[in-house]
Ligand SMILES: Nc1ncnc2c1ncn2[C@@H]1O[C@H](COP(=O)(O)OP(=O)(O)OP(=O)(O)O)[C@@H](O)[C@H]1O
Ligand SMILES: [Mg+2]
């Protein structure tokens, strides 16, 4: 070969080797090859050193035999002595002698290590980017948030996230166009484009709410050139907050009712004591005045006024759910039937009244006059809601099993204990109520009627609560109203009704009156002695027990107040029974909770008197006790 060519090849920036003869021995190699593979010498057989080299040898043999050149790109070769890898693009080319016969193979290798490693690094980088991107997209698609960026004209530049699809932006539509009918969102977009960074609660499709953070991005000239809006779906969080607020409101309502009850109960207790004094002393005075005496009329008026005042305390107690109850088992069907006619005559002709009653209904423990009051108030309200138009009021009865949910959305109680309830439903086809009215209807004195007092539903609520029940309301403007009253079905025994017919009989025997309230005690003692009894008085339980012990066997009955300081009525009774188990006791109390019956029942009093009581009631109670 031309020496000048060989000299040039020797310095070439590629490896060049010439292999000679059919067994392919190295005939020549250039400098670069020698530098990379210093141990390979002229006359060595090509491709015997490593398995990889043996592959090349096979290829070179084929080039030698066929005369077709071969190209191998990016062949990796290991350098000896731990010098690492290089990548070559190889050209294997046949070499011919003067006569044109192939007598060798030339192999030229260009080192492409830098290209290959560079490209591999780029590929790896690209792969990492792709993975990161797909993680980000997955996050955006699955997460409850979305990202949208748009320019100052509202053109969307970038968007991602499942929520974005729901926005329903059509291609090419600007944000301003898309939200042209939504002043709230439009205002937010304008603020953001004007350069303000802020968050806003904005409505989303499907009644969801998004909290959207707007961040304007400024260009080099300092002007806003795009806005990034990141929205997070906060519907669940808001709903939970609302639910908490609703429960709190309910608790407040219940507490309000309870404190009102305590207040009304307290006032009524003192008031009833005072009325007992007034009624008792007036009755004593009347008894002593001869028929036709000039003072009889004014004293009669006092008695009448005291009766009306007692009615007032009864109402006050009804509102607070601690009304005086004459508790007995009631069949509401019979009750509704009995007052059906009265109800019909109380409502306008155009309003029809329907009564739906089931063939079987459990009884409830209730006070008939209070249940009457509940029905009247609900039916009158229903008829008034229909007013002068045509319409229908339905009174329905049924049974309901209250389970773990406590009876649903109730008024008067957060939840009802599980069990069986009787349901009284009063529904109408009237005007219905909006949410604002609905929230206040049970407040005393709340009314929307010019002549209304606003006490009807307050009393209903008090009575229903006092009966251990609750209410449910369904109402909407124009759709009418439905009130459900739920009362516990009776399984418990009935407490006997209070005193029977007034008695005129004159009393005989010794009665011990124990009450800490002096006026009440004195008035009661006076009434008793006016009836002919011998009377002893004690100001508290201890004193009472002492007198009872000293007069052992000579006290025929004890009239005992239930609420006293130090020893209560129950404790005093225990003392008295310890002295004489056959002691006959008449309890009296200013309170008349419906639990009173249960509280007294185990004590087996001979009779119970509710303050204020009349002379006749006192006489009847003692008659029962002494019988
Ligand atoms: N069935 C009903 N349909 C529509 N609104 C009703 C219904 N029942 C009650 N309301 C609303 O509740 C308010 C309070 O009722 P409530 O019975 O306590 O008082 P009132 O009927 O206004 O006066 P009153 O003390 O004479 O009963 C009513 O003024 C009315 O706005
Ligand atoms: Mg009313």
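Any read-out appearing in this document is the output of simple, stated calculations on the displayed coordinates, not a laboratory observation. Remember, it's a predicted structure, so these values are computed and weren't measured experimentally. Because the Cβ atoms are built from the backbone with ideal geometry, glycine has one as well, and the counts that use them run over all protein chains shown.
Just a few scattered comments:
- Gain upon complete extension [residue 420, residue 119; 0.36 nm per residue less C-alpha separation]: 100.4 nm
- Cα-based convex hull volume of region 1-95 per residue, rounded to whole Å³: 97 Å³
- Convex hull of Cα atoms in region 364-435, direction-averaged projection (nm²): 6.0 nm²
- Ordering of 41-53, 127-139, 469-481 by packing is 469-481, 41-53, 127-139, highest average first (other Cβ atoms within 10 Å, averaged per residue).
- Pairwise Cα inverse-distance average, inverted: Kirkwood Rh of region 242-284 (Å): 12.7 Å
- Region 328-488: radius of gyration over Cα atoms, expressed as a fraction of 2.2 N^0.38 Å: 0.98
- Cα-based helix-to-principal-axis angle, 615-626 vs the chain, degrees rounded to 10: 90 degrees
- The slack in the chain from residue 76 to residue 217, taken as 0.36 nm per residue of separation less the alpha-carbon distance, amounts to 45.9 nm.
- Straightening the chain between residue 270 and residue 443 buys 59.8 nm, computed as 0.36 nm per residue apart minus the Cα-Cα spacing.
- In units of the compact-protein estimate 2.2 N^0.38 Å, region 502-570 shows a Cα radius of gyration of 1.08.
- Radius of gyration and Dmax over the Cα atoms of the chain, both given in Å: 51.2, 171
- Kirkwood's formula applied to the C-alpha pairs of region 536-627 gives a hydrodynamic radius of 13.4 angstrom.
- Using only alpha-carbon positions in region 318-390, the gyration tensor eigenvalues give semi-axes of 25, 16, 9 Å once each is multiplied by 5 and square-rooted (largest first).
- Bridge orientation summary for region 328-488: considering DSSP beta bridges with both residues in this region, about 85 percent are antiparallel.
- Label-to-label distance for residue 250 and residue 263 is 2.5 nm, based on points extended 7 Å past Cα in the beta-carbon direction.
- Separation between Cα centres of region 234-305 and region 192-229, rounded to whole Å: 60 Å
- C-alpha long axis of helix 541-550 to longest principal axis of the chain, angle in °: 40 degrees
- 19 Å cut-off, amide nitrogen to a point 7 angstrom out along residue 50 Cα→Cβ, residues in region 63-87: 72-87
- Whole-Å semi-axes of region 143-233's equivalent ellipsoid (Cα gyration tensor): 20, 14, 13
- Each peptide in 19-26, 203-210 gets a packing score, the mean of other Cβ atoms within 10 Å over its residues, and the list from highest to lowest is 19-26, 203-210.
- DSSP bridge pairs, region 3-111: antiparallel proportion in percent, nearest 5: 100 percent
- Spatially, region 108-169 and region 30-79 are offset by 44 Å when compared through their Cα centroids.
- Shape metrics for region 18-171, restricted to C-alpha atoms - Rg then Dmax, Å: 27.5, 81
- Entry note, the chain: relative contact order of 9 percent, from Cα contacts under 8 Å with a spacing of 6+ residues.
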